[in-house]
Every structure is written in C-alpha cells, then in structure tokens.
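Engineer: Right, I'll just put the structure down here and ask away after.
Read the figures in this text as sums done on the coordinates, not as results from a lab. Being a predicted model, the structure only gives us computed values, none of them experimental. All Cβ positions, even for glycine, are placed from backbone atoms using ideal geometry, and neighbour counts span all protein chains on display.
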Amino acid sequence: MEEKVKSAKRISVIALIISIIALLINLYVFYMFWSGQWPLQKGEDQQPAIEQVQPVQQAEPQQEEEIIQEEAPQVPADQPVKKKTAGAAFIDLGLPSGILWRSANEEGLYTYADAVETFGKQLPTYKQYTELYENCKWQELKNGGYKVTGPNGNSIIFPLTGYINCTGEFRGEKDLGDYWTATAKKGTEDAYRVAMNANGVKILLHTQCYQRAIRLVQK
C-alpha cells in the first residue's frame, strides 16, 4: 500500500513538472507572436531591417559638380578684363613631351568656348595636364595655390583663382584653383577642367558655360 502511495506521488510530481514546462512554452510562443519576432509563415512578406549608413564625404573640390543648363553668364563689373598676360615667360619643366608651361595665368576668367577661340592650340589638353600632374611635384602653398616643380627643378605656380558660374556669380576665390583644359567630351556640353584646393588636384568634367582660369603651353 505504501509503495502505491509513493508511486502516485512521483506521477503527480512528474505531471506538475510537465504542466509547468508546457505553460512556459505557451508563454514564450505568446510573447514571440505579439512582439513581432515570431517567424512568418511561408508566402507572407517580411521586410528587411533598414541599415543606417552614414554618407561618405568625397575629397572633391569645394564646388558644385552638377551639370547645369543655364543662360549665358554675365561677367561682373569687378572682374579683370580679358586680355593676354604680358611679360610671362614659358618655362621648361623637363617634361617628357618637351612642352613648355607659361609662368603665369592669362588675365580674366573664360568660358570654354571663349578660351578655345582665344588661345587655340596653346590651351593645354587633358593629356598635357595629366603629364604635368604625373611627372611633377605638386606642393600646396601656405598662402594658397600650388607650386609645381618639374623633373629638371624648374617650377611654376598655380594660384587659387575661383570661378564664375553660369549665372554670373563669382565664387571660390582663395579656396579653389579652377582651370580649363582644351579637351571636351563629345556629344555633351561638358569639358575637362583642373580643380585644385586643400583636398588635392583632380581633372573633372563640368559644364562649359562656367568661366575659369587659363594657363597656356608652348611646344
């Protein structure tokens, strides 16, 4: 008789344990379902979590890079008159091509069309600027601009000139050196320009109606 009582007690304890486990499972399922963490059934849509990504800051010149379609620029009255620089010499930097670079900018800022029409073959091409960049030492100056020293030790200086945008606003003075090349992109209204500031020197495409500085070359 005593043995039967003990056995009944064991069964009761086991039943109680099973009941507690079942209750815990039900509570877990209930929590997961109402908290939205329960897996969706096959065929239901599940939206992935959106990852918050911080934008990467590019080392671009501090200037708008959008292709802008605007009216022809109007030159502000306080800007230099467009004329060739007198007294500037052409310097041999010891480049592989033998190209000579003028020691100073031409006066004034030019649209791409005006620059090509005014200076013709003396306007440096994309290839010539690339040669200058790859074969010379570019040193940023404390007062702004870059000193460019050729393989033979001779040097020229590119000042930070600023630019005039397509609506005639003068910007970037003392912050950006902005120079036209003679090379345009076919089928577009864009041409290559050389931009230089504290972030470095780059050759970029931009709209031709901007007015930029000019540095000439001589064969």
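Engineer: Under unit Cβ charges (Lys, Arg +1; Asp, Glu -1), what dipole magnitude, rounded to 20 debye, does the range 90-218 have relative to its Cα centre?
Structural biologist: 280
Engineer: Using the 10 angstrom Cβ neighbour count as an exposure proxy, how do F90, F158, F119 rank, fewest first?
Structural biologist: Ranking F90, F158, F119 by Cβ neighbours within 10 Å, fewest first, gives F90, F119, F158.
Engineer: So, counting K/R as plus one and D/E as minus one, what does the shell of residues with Cβ under 14 Å around V148 add up to?
Structural biologist: 0
Engineer: What percent does the relative contact order of the range 90-218 come to when contacts are Cα pairs within less than 8 Å and at least six residues apart?
Structural biologist: Here the relative contact order equals 33 percent.
Engineer: Around E107, which amide H atoms from residues at least 5 apart in sequence, or from another chain, sit under 5 Å from its own amide H, with H modelled in the peptide plane?
Structural biologist: Those qualifying (amide H under 5 Å, at least 5 residues apart or on another chain) are K83, T85.
Engineer: Convert 10 °C to kelvin, take the viscosity as 1.306 mPa s, use the Kirkwood radius over C-alpha pairs of the range 90-218 as Rh, and evaluate the Stokes-Einstein diffusion coefficient in µm²/s, rounded to a whole number.
Structural biologist: Roughly 109 µm²/s, to the nearest whole number.
Engineer: Filter the cross-link list K127/K174; K127/K186; K142/K174; K147/K174; K127/K219; K121/K219 down to pairs whose alpha-carbon distance in this structure exceeds 18 Å.
Structural biologist: In this structure, K127/K174 exceed 18 Å between Cα atoms.
Engineer: Here's a follow-up. Tell me, what HN-Hα J-couplings in whole Hz come from the Karplus equation 6.51 cos²θ - 1.76 cosθ + 1.60 at θ = phi - 60° for each residue of the range 90-102, using x for Gly and Pro?
Structural biologist: 9, 9, 8, 9, x, 6, x, 6, x, 5, 9, 10, 5
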